[in-house]
1. I'd like the orientation of helix 137-151 relative to the chain: the angle between its Cα long axis and the longest Cα principal axis, in ° from 0 to 90, rounded to 10.
2. Summing Lys, Arg as +1 and Asp, Glu as -1, what charge do residues with Cβ under 15 Å from the Cβ of His192 carry, His192 excluded?
3. Taking the 0 to 90 degree range and rounding to the nearest ten, how far is the long axis of helix 377-404 tilted relative to the main principal axis of the chain, both from C-alpha atoms?
4. Please calculate how many Å² of accessible area segment 361-414 carries per residue, with a 1.4 Å probe and no DNA, RNA or ligand atoms counted.
5. Pick the calculated mean projected area of the Cα convex hull in nm² for this structure from (1) 19.7; (2) 18.4; (3) 21.0?
6. With axes computed from alpha carbons, what is the tilt in degrees of helix 99-116 against the longest principal axis of the chain, rounded to the nearest 10 within 0 to 90?
7. Under a crude label model (7 Å from the Cα following the beta-carbon direction), how far is Lys108 from Ser161 in nanometres?
8. What is the distance in Å between the Cα centroid of segment 279-324 and that of segment 113-151?
Amino acid sequence: MTFPLTHKSATAGSLNPAPSFIKSRIESIDVLRGLIMIIMALDHTRDFFHAQAYTDDPLNLDTTTPVLYITRWITHFCAPTFALLSGTSIYLQGLRKSRSELSLFLLKRGLWLIVAEVLLIAPADTFTLFNPITLVVFWSLGISMVFMVGLTWLPFRVILSLGLAIVLGHNLLDAVEQAPGFTSGFGWALVHGGSHRVFDYAPGRVIVVLYPFLPWLGLMMLGYCLGRLFEPAVSATKRQQWLVYLGAGAIGLFVVLRLLNGYGDPFPWSVQKDGLTTLFSFLKVHKYPPSLLYMCITVGPGLLGLALLENVHNRITGVLRTYGRTAFFYYTIHFYMLHTLRMLVFFAAGHTMTEADKSLQIIPMRFVLPGDGGYDLGVVYLIWLAVVASLYPLCRWFDAYKTTHKEQWWLSYL
């Protein structure tokens, strides 16, 4: 079986799909993107407010609880699905832009996201500038877009082949990283990670690489190829069938490789004290960098979600669509809101600015002391819901502003 249509129709820049087509296709993508943005905020709320956020790993099988494990594990869906959909959005941009226009857009947007990571997102974590510099989601998306500038000029089959080679094969590098005496330098950390992620770039200042870009680039390339299913000539039935096939295939590949317990993730699973904990071990996959199995078990359900959401149109999907259409805006503001709330809790508990500075030396967030001032998961969930709900009016306003001010070029970068 092969993807429908030819790559030529997607890159020639001459297609102008009818507005109704654009609306129907983009809506399912935006709805799914909105859903993962909401789930993503749960993980960040847990980081700031859970009592054990900086004293233990929520996926530690020896100490976690089922609710805590699931609270952390479901947020694994966010980054891979977002990277995949970013690639799909690039393909859809190519339906209405020439290759040169698309290349220029990707270059500018990619560089902007890297700058935004350093100047907007890292300070939201620490309320300081340039120390530490953390390279996380925006960085990985931005540098991947810069690479996509050249990749989008390649034939479709080459992009698909390279994307599959990266996603399916990058775990071969695990053997290199696990070899005795291997130490990852800064360049290796940027590409694939390794055990060393913190690097000094000036006296007393560090840069932390949490999202090495190679696996995320591969996922974005596959998302770009997925965009072919959203071309005008592809019927809804065929598109949904393909999404189900691909989603089920990714989940099936996860199950088979995980059962073999050999390739696809650097850490094997094992039988635990009971069935539930054994299942948790089976599902515990590596995120930094995202292993093949991590991507399979997260992207697979995401593809099934795309197939399902295309025919669902109600008030809830309308709300999700608003969050999805304002993802950059939402992502940036929610970080500052969470950290500001944490700061208020910190000072209300009687802590001082000296202690805040000390906290930054212990963990990469100011106003958070390990094991001090946190809450149980029930309170964490309430804070999460309150923050997400309070952001909806702002996101709705911004979405309306973008829709009515399309002549403002800078809005396409937010």
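1. 30
2. Numbers: positive: Arg197, Lys287; negative: Asp174, Glu177, Asp265.
Overall, the nearby charge balance is -1.
3. 40
4. Values: 3160 Å² over 54 residues.
It amounts to 58 Å² per residue over segment 361-414.
5. (3)
6. 10
7. 3.4
8. Here the two parts' Cα centres lie 23 Å apart.
The values are calculated or read from the model by the stated rules, or taken from the named source; none is laboratory data. For clarity, every value in this text was computed on a predicted model and none was experimentally measured. Please note: Cβ atoms are built from the backbone with ideal geometry, for glycine as well, and neighbour counts cover all protein chains shown. Areas reflect the complete protein model, heavy atoms only, side chains present, ligands, DNA and RNA absent. Shrake-Rupley method; radii C 1.70, N 1.55, O 1.52, S 1.80 Å.
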